[in-house]
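Participant: One structure coming up, written as structure tokens, with questions to follow.
Every number in this text was worked out from the coordinates using simple rules, so none of it is lab data. These numbers come from a predicted model, not from an experiment. Here the Cβ is made from the backbone with ideal geometry for all residues, glycine too, and neighbour counts use every protein chain on show.
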Amino acid sequence: MKLLLKGGRIIDPSQNIDAEMDLLIENGKIAKMGRDLSASENNSTTVETLDLRNALIVPGLIDMHTHLREPGHEYKETIQTGSEAAVAGGFTSIACMPNTNPINDNRSVTDFILKQAGICNMANVYPIAAISKMSEGKILSEFGDLKDAGAVAFSDDGNPVTNSRLMRNALEYAHPLDMTVISHCEVLDLSTGGTMNEGSVSTELGLQGIPNVAESIMVERDIALADYTNTSVHIAHVSTAESVRAIRAAKARGVHVTAETAPHYFTLTDEALREFSTNAKVYPPLRNMKDVESIKEGLKDGTIDVIASDHAPHSSIEKDVEFEYAASGINGLETSLSLSLKLVDDDILTFHQLIEKMSTNPARILKINKGTLTIGSDADLTIIDTQKSWTVNVNIFRSKSKNSPFQGWKLKGKAIMTIVGGEIKYKET
Ligand code: NCD
Ligand code: ZN
């Protein structure tokens, strides 16, 4: 079976391509790219031709920070529903965080995730294994064994690695394995008890705040450790101006640090919590306008390499409760691309930069063979209609959970087709 995509605008930052071209997919791989490719040259097998005039064709988007909740919390999300949400949101690959139950800190869990993902046969799923056993921050997990099983990175996401010696060891062990350590930066002494950003809104609402320094102190520590050990570190979900400043300065002096933010950190502020809306409760918390501006600057100047969804599905059991008791997390896979396309509309990023942050860079940081449309590579592609207007409706989310603060928002731009390994896994109807 062959698939011929006609007339779209192909943007592939990995090859510096931005041109109107046709693209032929054969046996699950990118076979040809060029002007006026015709189906008739390929009369030996069936060719399905898709007219994609006015659409963008980009390397399949990669979400490097997803929570799939299986094993253990299948009522929130399963590998099946999470992968369906992924392709509906335009993601062909997702890397899933280890904070399941049991935690993915040993190869049996990694094996299980990969097996389930294989059965689902929807998006490519890349397990991220825990840095420490049970993500308790005490004993390192078996890095070599986990890599062998197919884990692509290490993180205790959901929890910080408070012990600096353990973090140092994690960086030094991961380095020769060519694996990335992803750090959830949170100084618990400063954050514990807090439920939202510390600032005027938290004061007005009478809620205990979490200050920016709860994040940025650990960002500075991890930069110092990566610098000292000459290894690399990736900072998860950056939310503050101070973190952006620290990462920018570290990059300028050659420290191997990369960073991601999530769409809610450049779209919302803590004002979203005025109605005590638990769907806007997330860790790290939504900050203020100054932070939002810094995040955008960081995206624009390359300080922040990646936009990741931090898709954190939670059910109404955890969200329809008093603000203080609600779980933290935002359902992100099905809104992430559209919220990010706004950055292009607002002239903060070019399409080229956006696709770098949502495909090329995550592939490079996770060291996976994706994020490119070079001839012979896997035919993972996302087709985007940048003009399509739509309204977020959580009731038709593929995700099992509905915890989106963007319910009812009118957005512009959407993935209209998602192709994984040459197969159409999602098509807008
Ligand atoms: C995440 C979750 O629910 O697993 N929650 C969140 O608010 N971001 C954990 C995390 O990413 O830290
Ligand atoms: Zn986290």
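Participant: Identify the trypsin sites (Lys or Arg not before Pro) of segment 359-389 meeting these criteria: DSSP loop state and at most 12 other C-beta atoms within 10 Å of the C-beta. Walk me through the numbers before you get to the answer.
Facilitator: Values: sites: R364, K367, K370, K388; in loops: K367, K370.
In loop regions of segment 359-389 (DSSP not H, G, I, E or B), the sparsely surrounded trypsin sites (Lys or Arg not before Pro) are K367.
Participant: Okay, next question. Among K76/K370; K290/K414; K296/K342; K147/K367; K6/K367, which pairs are too far apart, with a Cα-Cα distance over 21 Å?
Facilitator: K76/K370; K290/K414; K6/K367
Participant: Between L68 and residues 5 or more places away or on another chain, which pairs have amide H atoms under 5 Å apart, with H built 1.01 Å from N, and which residues are they?
Facilitator: M97
Participant: Taking the Cα centre of segment 173-316 as origin, sum charge times position over the Cβ atoms of Lys and Arg (+1) and Asp and Glu (-1), and report the length of that vector in debye to the nearest 20. Walk me through the numbers on the way to the answer.
Facilitator: Details: 11 positive and 20 negative charges, 43 e Å.
The dipole magnitude comes to about 200 debye.
Participant: Something else now. Taking Cα atoms of segment 256-355, Rg/Rh with Kirkwood Rh, to two decimals?
Facilitator: Rg/Rh for segment 256-355 comes to 0.99.
Participant: Rounding to the nearest 20 debye, state how big the charge dipole of segment 61-366 is about its Cα centre with +1 on each Lys and Arg Cβ and -1 on each Asp and Glu Cβ.
Facilitator: Its charge dipole is roughly 600 debye.
Participant: As an exercise, find the ratio Rg/Rh for segment 1-159 from alpha-carbon atoms, using the Kirkwood inverse-distance average for Rh.
Facilitator: Radius of gyration relative to Kirkwood radius: 1.10.
Participant: Who wins for biggest fluctuation among H314, H65, H73 in a Gaussian network model of the chain, springs between alpha carbons below 10 Å?
Facilitator: Among H314, H65, H73, the largest GNM mean-square fluctuation belongs to H73.
Participant: A further question on this structure: Determine ³J(HN,Hα), in whole Hz, for all residues of segment 206-221 in sequence, where each value follows from phi through the Karplus function 6.51 cos²θ - 1.76 cosθ + 1.60 and θ = phi - 60°; x replaces Gly and Pro.
Facilitator: Rounded to whole hertz, the list is x, 10, 6, x, 10, x, 3, 5, 4, 8, 5, 4, 6, 4, 4, 4.
Participant: Moving on. Please state the equivalent ellipsoid semi-axes for segment 69-159: what are the square roots of 5 times the Cα gyration tensor eigenvalues, largest first, in whole Å?
Facilitator: Semi-axes from the Cα gyration tensor: 22, 13, 11 Å.
Participant: In whole angstrom, how far apart do the alpha carbon centroids of segment 395-424 and segment 83-140 sit?
Facilitator: 20
Participant: Restricting to Cα atoms and excluding each atom paired with itself, what does the Kirkwood estimate give for segment 61-366 in Å?
Facilitator: Across segment 61-366, the inverse of the average 1/r is 19.1 Å.
Participant: What number, in nm² with one decimal, is the all-direction average of the projected area of the convex hull of the alpha-carbon atoms of segment 329-427?
Facilitator: 7.3
Participant: Right, another one. Arranged by the count of other C-beta atoms within 10 angstrom, fewest first, what order do T66, T269 take?
Facilitator: Values: T66 30, T269 19.
Least to most surrounded, the residues fall as T269, T66.
Participant: Counting only C-alpha contacts under 8 Å and six or more residues apart, can you give the relative contact order of segment 29-104 as a whole percent?
Facilitator: Once normalised by length, the contact order is 32 percent.
Participant: Using amide H atoms built 1.01 Å from N in the peptide plane, name the residues 5+ places from S183, or on other chains, whose amide H lies under 5 Å from its own.
Facilitator: Distant-sequence amide H within range of S183: H234, I235, A236.
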